[in-house]
Amino acid sequence: MTLSVQKEIWPAIGWEPIFTNGQPLWVMTVLSVNDEVGDCAAYRGICRDISLYSDIYQAEVAEGVRAGGNKISEAEARALFPEIEAKQLRYRS
């Protein structure tokens, strides 16, 4: 299984981001690809900024979003992750 990640600052009212412990919160969307069977699904969750943390920690957060996030629609996933079309993946319902 491979994971691809998209993230953006989670805006509050207007253009100001929401902060927790001095860090902005992020909306993270994770594409989970099952390479063996050629299908995928995308999940969305909220996390703090992890860009300054190790690759291992970032992968753990992405896995947490995949495991506990909300699944997004196929249309939204295809708009965010061009690799779905490029690899001709089936989207898990």
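Before moving on, here are some points about what is shown:
- When the stretch 14-28 is limited to residues that are within 19 Å of the chain's Cα centre (by Cα) and modelled with pLDDT of 65 or more, the one that is nearest to residue 64 (Cα to Cα) turns out to be 28.
- Residues in the stretch 68-93 that are of a type in the set (A, V, I, L, M, F, W, C), in contact (Cβ under 8 Å) with a residue 24 or more places away in the chain and farther than 13 Å from residue 35 by Cα: 72, 77, 80, 81.
- Meets criteria (at pLDDT 90 or above, surrounded by 15 or more Cβ atoms within 10 Å (Cβ to Cβ) and within 20 Å of residue 72 (Cα to Cα)) for residue 45: yes
- Screening the stretch 29-79 for residues that are assigned to a helix (DSSP H, G or I) and small (Gly, Ala, Ser) and picking the one that is farthest from the chain's Cα centre (by Cα) gives 75.
The values are calculated or read from the model by the stated rules, or taken from the named source; none is laboratory data. For clarity, every value in this text was computed on a predicted model and none was experimentally measured. We place every Cβ from the backbone using ideal geometry, glycine too, and count neighbours over all the protein chains shown.
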